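Everything on this sheet refers to the single structure shown next.
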Amino acid sequence: MIKRHLSLDIVDSLKHFPVVLLTGARQVGKSTLAQELSGVGWSAACYTLDNRVVLDAALKDPDGFISGTPVPAIIDEVQRAPDLMRAIKVIVDKNRKPGQYLLTGSANLMTIAKVSETLAGRVALHELQPFTWSEIRGKAISSILTDLFSERDATALLKKWKKHSFPDRKEEIKGLIIAGGYPTPSLLTSAKARRRWFDSYRQTYVERDIRDIAAIQHLPDFNRLLNLLSFRTGQVLNFSEVSRELGLPFTTLRRYMDILEVTYQIYFLRPYFVNIGKRLIKMPKLYFGDTGMACHLSAAEDWQTLERQGRTGSMVETWAASELKKLIALGDARYQFYYWRIYTGKEVDFIIEHGEKIVAIEVKWSHKLEDIDRSGLKDCARDLKGRHVMSVILYPGTEMVAVDKHTLVMPFGFFFGIEA
């Protein structure tokens with residue numbers, strides 16, 4: 001059993017909230033984690049709505065189902081019976097005792113139109129994402145973000161960390177990107193078995209899961225969109241261009257994209273502007289939630305295929321974005337995640353904001369420091385002067401160095417906690 005970093009946060013929430021909602025993509029490990037939490041100072045019976053008998057009872061009489069279910073209780077795949085949320089609200093409003101319900105769902109229930117009750121003020125929300133690199137390696141959560149925001153001098157950080165040379169992890173990272181972070185395929189050693197798993201996942205997702213939350217009239221169009229987006233991961237997305245390329249009405253495209261986002265298959269990164277209003281109107285960057293799925297959809301079962309497709313850079317960026325997103329979600333402090341670009345075309349892959357401070361992060365797949373271009377980071381630091389704290393260049397090399405007072409070149413393994 002691979003221990004999930006999120007488990008401690010969920011245990012803490014069960015001590016303070018009557019309801020805890022754990023969402024995430026299907027097959028990401030929600031049910032396993034929920035059952036693992038039961039019995040460790042919190043003993044709960046588990047009811048899954050994948051069971052037809054349980055689902056029928058929940059759909060026909062949600063109030064009777066909830067009132068007849070002793071607490072604490074785990075209710076799995078709750079999005080299949082959305083009215084259970086309303087029934088739970090009635091119960092917890094009579095008794096606010098913490099730790100009554102742990103709900104899991106394969107969709108973001110807070111954004112589904114069918115869900116009339118969000119349990120605001122009564123529920124703690126958690127998203128379980130695919131395995132992090134540190135979870136696979138059995139390492140603790142990296143504290144790198146705390147360190148970066150607490151120091152304003154790159155040399156001081158190097159002195160604090162001390163170790164400046166690390167093993168070469170490039171081949172390991174290639175394997176992580178191809179396999180992805182879904183528990184089953186990430187641990188499979190057979191490419192053929194992994195392909196069969198992703199084929200089955202895709203079929204189940206399209207033919208059953210999304211039908212629980214939306215009506216898709218033309219499944220071939222939806223499948224074509226999935227394939228197209230797998231080639232666009234890590235890129236700024238022009239919705240009008242995609243609409244024309246697929247021959248889909250713009251409104252249909254936006255609805256399909258919303259479904260993919262609600263079910264955690266994709267997510268968007270907004271551009272960073274000091275003017276907050278501008279962040280909402282400029283074009284976002286699209287990322288797949290899992291590189292293994294993106295590679296599968298684009299028929300890249302090995303690294304050589306990604307190289308022939310000319311997509312190694314975008315896939316490394318997608319993997320790094322996913323690792324950063326997980327790290328931010330697990331952090332004790334409040335961080336915001338963006339990318340940065342100006343009209344001249346200069347850009348920085350990622351901006352992490354904490355209060356009034358920002359850390360700029362650039363991802364490179366080059367193995368040599370002398371080949372790494374820092375021009376985008378320099379322009380970003382100049383443009384955001386006063387807010388900029390530190391710039392970090394992540395790369396697959398073995399050395400960690402400060403190239404100036406506010407810029408560090410750092411191996412992926414150290415940043416994500418593998419070398420700690």
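The values are calculated or read from the model by the stated rules, or taken from the named source; none is laboratory data. Just so we're clear, the structure is a prediction, and the values are computed from it rather than from any experiment. Please note: Cβ atoms are built from the backbone with ideal geometry, for glycine as well, and neighbour counts cover all protein chains shown. Note: areas computed on protein heavy atoms with side chains; ligands, DNA, RNA excluded. Shrake-Rupley method; radii C 1.70, N 1.55, O 1.52, S 1.80 Å.
Some observations on this one:
- Using a cut-off of 18 Å between Cα atoms, the listed pairs K159/K385; K170/K368; K15/K97; K160/K378 include K159/K385; K160/K378 as exceeding that distance.
- Counting only protein heavy atoms and a 1.4 Å probe, the chain has 44 square angstrom of accessible area per residue.
- Most mobile listed residue (A120, A107, A320) in the chain, GNM with C-alpha springs under 10 Å: A120
- Annotation: Cα Rg of the chain relative to the compact-globule expectation 2.2 N^0.38 Å equals 1.02.
- Net charge of the neighbourhood of L55, taken over other residues with C-beta under 9 Å away and scored Lys/Arg +1, Asp/Glu -1, is -1.
- Full extension of the chain segment joining F268 with S67 gains 68.4 nm, where the gain is 0.36 nm per residue of separation less the Cα-Cα distance.
- Taking the centroid of alpha carbons for each part, segment 231-265 and segment 305-371 are 22 Å apart.
- Extension gain from I372 to T305, taking 0.36 nm per residue of separation minus the Cα-Cα distance: 21.7 nm
- Taking all Cα pairs closer than 8 Å and separated by 6 or more residues, the relative contact order of the chain comes to 17 percent.
- Highest average packing first - 389-396, 296-303, 329-336, Cβ atoms within 10 Å: 389-396, 296-303, 329-336
- For a straight C-alpha distance cut-off of 18 angstrom, the lysines reachable from K3 (same-chain residues fewer than eight places away being disregarded) are K30, K139, K326.
- Two-site FRET efficiency, D168 against W42, from Cβ-Cβ distance with R₀ of 41 Å, rounded to 0.05: 0.45
- Among the helices of the chain, those built from whole DSSP H runs whose Cα atoms reach 15 Å or more along their own axis and whose mean Kyte-Doolittle hydropathy is at least 0.5 are 84-94.
- Fraction of beta bridges assigned by DSSP in the chain that are antiparallel (%, nearest 5): 40
- For segment 377-420 versus segment 120-165, the gap between their alpha-carbon centres in whole angstrom: 14
- Label zone at T155 (point 7 Å along Cα-to-Cβ), backbone N below 20 Å, segment 377-404: 389-393, 400-404
- Fraction of accessible area attributable to carbon and sulfur, segment 187-333 (%, probe 1.4 Å): 50
- Within the chain: Cβ-based charge dipole about Cα centre, in debye rounded to nearest 20 (Lys, Arg +1; Asp, Glu -1): 460
- Calculated FRET value between S190 and E245, using beta carbons and R₀ = 51 Å, to 0.05: 0.90
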